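What follows is a short report on a single structure.
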Amino acid sequence: MLPYVAEKRVPLIAVLSGSPALRTQHHPYFFTTTASYADEVARMVRNLKAVGSTDIAIVYQNAEFNRPTLAVAEKVIREEGAKVTASRPLEANGADAVAVAQGLAALRPHAVIMIASGPSATTYVKAHRAHLGVPIYTSSVSIGSSGLKALGDDARGLAISQVIPYPWRATTPLARDFNLEMEKLGKPVDYDHFAGYINARVLIAGLRAAGKQITPVSLKEGMEKLSKLDVGGHTFSYSPDNHHGTNFVEITVVGPNGNFIR
């Protein structure tokens, strides 16, 4: 989409992906509202180092779109002063998950960072629990609510990095507003809905900054004026040279009922 929005001069604000490929070059009409996968991996490694886990293995889904993230993960682990014990590919359907888990078990890593989603992720977590047992860290887009349900008790203890603030504890004006709106609508409070809500708040701020005569170009310029945007306890910073407004990441752990614990 990036060449298209550049050609049409229409801002693209907020995407689900934290792919490093979207951030390698400055794009005049592209704005992100979440941290990158590199930011997520860095937070994972810092958490692991804090408890003395410095030998880290990587399991990654064997697909073209995951390979750039793998390279970033390996680089970040080394930069953070930890060691890449091994990097092992995983088929998209997870058919080789047991073999991968058994192979890593022989290497005795302190923890595993998993770069995968869908069937490969859930299948690997089950195999990991049976054959390896060390902590698993994975990214915000790896396992959704359906994946947690499929994993059942195997999901317990899974560490997942989050690029959206915790939505269930209304400790900020942003979270309180969101919880009230969801209660009025009878909708569930979760990360997906909170992400959409935050993206809408950022877009509204950009529209206000664009002035009375809103055009695609004035919206772009309005977004670039948001150098100190606070949407109720969650902050962003944009400028003409920086269209990536936040690097917020925190680690959550899946609890006994499939809920997230900070």
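The values are calculated or read from the model by the stated rules, or taken from the named source; none is laboratory data. Since the structure is predicted, the reported quantities are computational estimates derived from the model, not experimental observations. Note: ideal-geometry Cβ built from the backbone for every residue, glycine included; neighbour counts use all protein chains shown. Surface areas here come from the heavy atoms of the whole protein model, side chains and all, with no ligands, DNA or RNA. Shrake-Rupley method; radii C 1.70, N 1.55, O 1.52, S 1.80 Å.
Quick notes on this one:
- Number of positions in the range 76-104 that are aliphatic (A, V, I, L, M), assigned to a loop (DSSP other than H, G, I, E, B) and surrounded by fewer than 19 Cβ atoms within 10 Å (Cβ to Cβ): 2
- Among residues of the range 90-104 that are more than 11 Å from residue 61 (Cβ to Cβ), none has a beta-carbon under 7 Å from a residue that is among the hydroxyl-bearing types (Ser, Thr, Tyr) and open to solvent by 70 Å² or more (accessible area, probe 1.4 Å) at least six positions away or on a different chain.
- Scanning the range 218-262 for residues that are touching a Pro at 6+ places or on another chain (Cβ under 6 Å) and not in a loop (DSSP other than H, G, I, E, B) turns up 219, 220, 224.
- If the condition is being open to solvent by 30 Å² or more (accessible area, probe 1.4 Å), within 12 Å of residue 252 (Cα to Cα) and of a type in the set (Ser, Thr, Tyr), then the range 138-163 contributes only 140.
- Taken over the range 164-175, the criterion of being touching a His at 6+ places or on another chain (Cβ under 6 Å) and either surrounded by fewer than 16 Cβ atoms within 10 Å (Cβ to Cβ) or part of a loop (DSSP other than H, G, I, E, B) (or both) is satisfied by 165 alone.
- Of all residues in the range 106-123 being touching a helix residue (DSSP H, G or I) at 6+ places or on another chain (Cβ under 9 Å) and within 23 Å of residue 78 (Cβ to Cβ), the one that is most open to solvent (accessible area, probe 1.4 Å): 110
- Residue satisfying condition, being touching a helix residue (DSSP H, G or I) at 6+ places or on another chain (Cβ under 8 Å), among the polar types (S, T, N, Q) and within 20 Å of residue 2 (Cα to Cα), within set 24, 54, 32: 32
- Where residue 126 falls short, out of the listed (1) modelled with pLDDT of 90 or more; (2) open to solvent by less than 60 Å² (accessible area, probe 1.4 Å); (3) closer than 16 Å to residue 59 by Cβ: (2)
- Restricting the range 167-186 to residues that are at pLDDT 95 or above and among the basic types (Lys, Arg), the residue that is farthest from residue 34 (Cα to Cα) is 184.
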